[in-house]
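Student: Provided herewith is a single structure, encoded as structure tokens, for subsequent inquiry.
The values are calculated or read from the model by the stated rules, or taken from the named source; none is laboratory data. Remember, it's a predicted structure, so these values are computed and weren't measured experimentally. Neighbour counts are summed over all protein chains in view; Cβ atoms, including those assigned to glycine, are modelled from backbone coordinates with ideal geometry. Note: areas computed on protein heavy atoms with side chains; ligands, DNA, RNA excluded. Shrake-Rupley method; radii C 1.70, N 1.55, O 1.52, S 1.80 Å.
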Amino acid sequence: MPASRPFFMAILLSTALLAACDDEPAESPDEAARGRISERMKRRAGELGKVRELARADAASVADRLAAERWLRVDGAVPADANQSRHVLLAGELDEVPATYAALKQDFSDRVEQEILLGGEDAARPVVFRDVAEGIYTACVSVTGPASAEERALIERATAILEADGPQPLNAEKLQAAAAAAQAETGYKPKRTDWDPLSLRCRRIEVDARPESRVAAFEPA
């Protein structure tokens, strides 16, 4: 079964952002590396559907499933028009909440358990942290503004290029080629997001034996 359009858009956004991290073109991966990348993308495609289901369903209906997997769902109350959201899970409770992402990394990097970046249509949904043991944690979230018109056009064009080939399995080379072709046509290359000055919101979370403790939510900003 071919991947859905929203899934293509999410993957293409990630691909474009990764490509923008380096000014110089990367060397072409060898056949073995391409195979590993493709397998990883196929695995993530299956996992993404499960995570999206758990993230978007009613909290009470998925608490038992989250507990069985030892997962933790956190709704960061991210604005619906956000382009990216960065979620950080730290061990223990913080005596002083960092004001920015840079302050968090400077003062609490040794306590970071997991860090997840969501983009595109996934930016506003709850995040799902995996393999979370019982204990006290602090969850923090940082958010960018809406995507620019240029970035939206880039993603739409890359998606159209990819879909023009019809149903196909996930393939790292095709995804990267579609993103590169769209960049060449639109003349736009995404810039790396500078998270350091962006503000943070954090909250304490206690995970215990109760399934409902596996679901947490921030108050709306």
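Student: Only one residue in 90, 117, 104, 94 is in a loop (DSSP other than H, G, I, E, B) and under 15 Å from residue 200 (Cβ atoms), so which one is that?
Tutor: From the options 90, 117, 104, 94, the qualifying one is 94.
Student: I'm trying to understand the selection: among the residues of the stretch 139-161, which are part of a strand (DSSP E or B) and either in contact with a helix residue (DSSP H, G or I) (Cβ under 8 Å, 6 or more places away or on another chain) or over 30 Å from residue 96 (Cα atoms) (or both)?
Tutor: Scanning the stretch 139-161 gives 140, 142.
Student: Continuing with the same structure: Could you tell me which residue of the stretch 72-87 is farthest from residue 208 (Cα to Cα), considering only residues that are open to solvent by 20 Å² or more (accessible area, probe 1.4 Å) and either among the small types (Gly, Ala, Ser) or outside any strand (DSSP E or B) (or both)?
Tutor: The qualifying residue farthest from residue 208 (Cα to Cα) is 81.
Yes or no, residue by residue, for (1) touching a His at 6+ places or on another chain (Cβ under 9 Å); (2) within 30 Å of residue 137 (Cα to Cα); (3) at pLDDT below 85; (4) surrounded by fewer than 13 Cβ atoms within 10 Å (Cβ to Cβ):
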site: 159; (1), (2), (3), (4): no, no, yes, no
site: 162; (1), (2), (3), (4): no, no, yes, no
site: 167; (1), (2), (3), (4): no, no, yes, yes
site: 190; (1), (2), (3), (4): no, no, yes, no
site: 194; (1), (2), (3), (4): no, yes, no, yes
site: 197; (1), (2), (3), (4): no, yes, no, yes
site: 200; (1), (2), (3), (4): no, yes, no, no
site: 203; (1), (2), (3), (4): no, yes, no, no
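Student: So, one more: Name the pairs: first residue in the stretch 196-212 and under 15 Å from residue 66 (Cα atoms), second residue open to solvent by 80 Å² or more (accessible area, probe 1.4 Å) and of a type outside the set (Val, Ile, Thr), Cβ to Cβ under 6 Å, at least 6 apart or on different chains?
Tutor: Matching pairs, first to second residue: 207/134; 208/134; 211/64.
Student: If you don't mind, there's one more thing I want to ask. Could you tell me whether any residue of the stretch 22-31 is part of a helix (DSSP H, G or I) and either at pLDDT below 85 or surrounded by fewer than 16 Cβ atoms within 10 Å (Cβ to Cβ) (or both)?
Tutor: Checked the stretch 22-31: at least one residue is part of a helix (DSSP H, G or I) and either at pLDDT below 85 or surrounded by fewer than 16 Cβ atoms within 10 Å (Cβ to Cβ) (or both).
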